[in-house]
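Chemist: First, the structure itself, so that you have it in front of you.
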Amino acid sequence: MGTFMGHFLVGFFSICFSLWWTVQTWIRYFRSRMKDGPKFKCTVTFPCSCLCGRLKHWPIEGFLKVVAMGISFFGEIVLLGGEFGSVNGQHCTMYFFYGMSGIIDILMFFNILLPKGMDYVATILAVTVEGLLLGFHLHHREELDVALHTLLMYVIFAIVLAMLAEMYFKTSPLALFARSFTWMLQGTWFLQIGFILYNPISGAETWDLKAEHSELMTVSMIFAWHMAGGFVLLLSIGVIVKMYMRCRGNDLNSGASAMHSVLLKDSNDDSTAHMYGSELESEDEYQFTY
């Protein structure tokens, strides 16, 4: 990850997952506010209602996690010319744990009898390992480098807190929004670190890694604006989703049926471990009108 592309890949995947969670959380929230709508419930992943047939119920996020981490793992080795040392070894270790959380999502779909909340545990473990590795990644680095990654560690700590809150407050949309917000912040800050330390733009002004006091103040200010931008984006997506739902009306029923089957299955099993279930009932059984 000690390149611009390494930071870009991690940031890009983090932003993509965050945007997906944000849109789906708003949709689930607005539907829960409708008359006779399903009760809001937190889940680690969401069904992809834009797909056809049974695929809309499948744990697409789990497969995407595995693919994304595979790409990052492969890129980490290729970008360093096939060498495998302690630095990229740390990065590949982080990718492994995130890929493992995707595998847990897939196993739950196929009704493997895993303990309740194992999907949350796997994701929290991956984030915790990321923070642990990052903490030992900063020794003997330049002051600016340390400051940038220290702020990233704060975000990682916030992600863990958000995921723990989500496990405890299973019916709170704020917990899911907190997860989406912190992952968005992690993604944009990874990109920012890449541009500051490994700017690919030819002729761009470089930062002094020894970092005077003024530069450290600038970095903290930029971080605060990343927080503001992420929060405004989260609210803006909510407005767009609400307008879209009003315009489409009952055309959203197919997506609602996929979500409702997830929540109904989860309620019957009294377990978030079986998020989708292996036996899919007919879609018409869950059609309901708003």
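The values are calculated or read from the model by the stated rules, or taken from the named source; none is laboratory data. Just so we're clear, the structure is a prediction, and the values are computed from it rather than from any experiment. So basically every Cβ, Gly included, is an ideal-geometry build from the backbone, and we count neighbours across all protein chains shown. Areas reflect the complete protein model, heavy atoms only, side chains present, ligands, DNA and RNA absent. Shrake-Rupley method; radii C 1.70, N 1.55, O 1.52, S 1.80 Å.
Chemist: Exactly one condition in (1) at pLDDT below 85; (2) of a type in the set (D, E, K, R); (3) in a loop (DSSP other than H, G, I, E, B) is not met by residue 54; state its number.
Modeler: (3)
Chemist: Suppose the filter is under 30 Å from residue 41 (Cα atoms) and outside any loop (DSSP other than H, G, I, E, B); does residue 147 pass it?
Modeler: It is false that residue 147 is under 30 Å from residue 41 (Cα atoms) and outside any loop (DSSP other than H, G, I, E, B).
Chemist: Looking at 280, 234, 264, can you tell me which residue is over 26 Å from residue 4 (Cβ atoms), of a type in the set (A, V, I, L, M), at pLDDT 85 or above and surrounded by 14 or more Cβ atoms within 10 Å (Cβ to Cβ)?
Modeler: Values: 280 fails: at pLDDT 85 or above; 264 fails: at pLDDT 85 or above.
That would be 234, the only listed residue that is over 26 Å from residue 4 (Cβ atoms), of a type in the set (A, V, I, L, M), at pLDDT 85 or above and surrounded by 14 or more Cβ atoms within 10 Å (Cβ to Cβ).
Chemist: Same structure again: Run residue 175 past the list (1) open to solvent by less than 70 Å² (accessible area, probe 1.4 Å); (2) out of contact with any Ser or Thr (no Cβ under 9 Å at 6 or more places or on another chain); (3) outside any helix (DSSP H, G or I) and report the number of the one that doesn't hold.
Modeler: The one condition residue 175 does not meet is (3).
Chemist: Step by step: first the residues of the range 1-40, then only those that are assigned to a loop (DSSP other than H, G, I, E, B) and small (Gly, Ala, Ser), then the one that is modelled with the lowest pLDDT. Which residue is that? Spell out the reasoning first.
Modeler: Kept after step one, since they are assigned to a loop (DSSP other than H, G, I, E, B), are these residues of the range 1-40: 1-3, 33-40.
Now restrict to residues that are small (Gly, Ala, Ser): 2, 37.
Numbers: 2: 67, 37: 82.
Out of the qualifying residues, it is 2.
Chemist: In the range 95-151, what residues are under 20 Å from residue 6 (Cα atoms) and of a type in the set (Ser, Thr, Tyr)?
Modeler: If the condition is that a residue be under 20 Å from residue 6 (Cα atoms) and of a type in the set (Ser, Thr, Tyr), then 95, 98, 128, 150 are the ones that fit.
Chemist: Something else about it: What pairs come up if the first residue lies in the range 60-71 and is farther than 20 Å from residue 50 by Cα, the second is part of a helix (DSSP H, G or I) and of a type in the set (Val, Ile, Thr), and their beta carbons are under 8 Å apart, counting only those six or more places apart or on different chains?
Modeler: 66/103; 66/106
Chemist: So, in the range 67-91, exactly how many residues are surrounded by fewer than 18 Cβ atoms within 10 Å (Cβ to Cβ) and either part of a helix (DSSP H, G or I) or at pLDDT 75 or above (or both)?
Modeler: Looking only at that region, the number is 10.
Chemist: Right, residue 188: in a helix (DSSP H, G or I), more than 21 Å from residue 48 (Cβ to Cβ), at pLDDT 95 or above and under 23 Å from the mean Cα position of the chain (by Cα) or not?
Modeler: For residue 188, the condition - in a helix (DSSP H, G or I), more than 21 Å from residue 48 (Cβ to Cβ), at pLDDT 95 or above and under 23 Å from the mean Cα position of the chain (by Cα) - is met.
Chemist: Does residue 161 satisfy the condition of being under 15 Å from the mean Cα position of the chain (by Cα), open to solvent by 40 Å² or more (accessible area, probe 1.4 Å) and either basic (Lys, Arg) or on the phi < 0 side of the Ramachandran plot (or both)?
Modeler: Against the criterion (under 15 Å from the mean Cα position of the chain (by Cα), open to solvent by 40 Å² or more (accessible area, probe 1.4 Å) and either basic (Lys, Arg) or on the phi < 0 side of the Ramachandran plot (or both)), residue 161 qualifies.
Chemist: If residue 228 meets every condition in (1) part of a loop (DSSP other than H, G, I, E, B); (2) modelled with pLDDT of 95 or more apart from one, which number is that one?
Modeler: For residue 228, the failing item is (1).
Chemist: Just to be sure, is residue 19 free of Cβ contacts under 8 Å to residues at least 40 places away in the same chain and not aromatic (Phe, Trp, Tyr)?
Modeler: no
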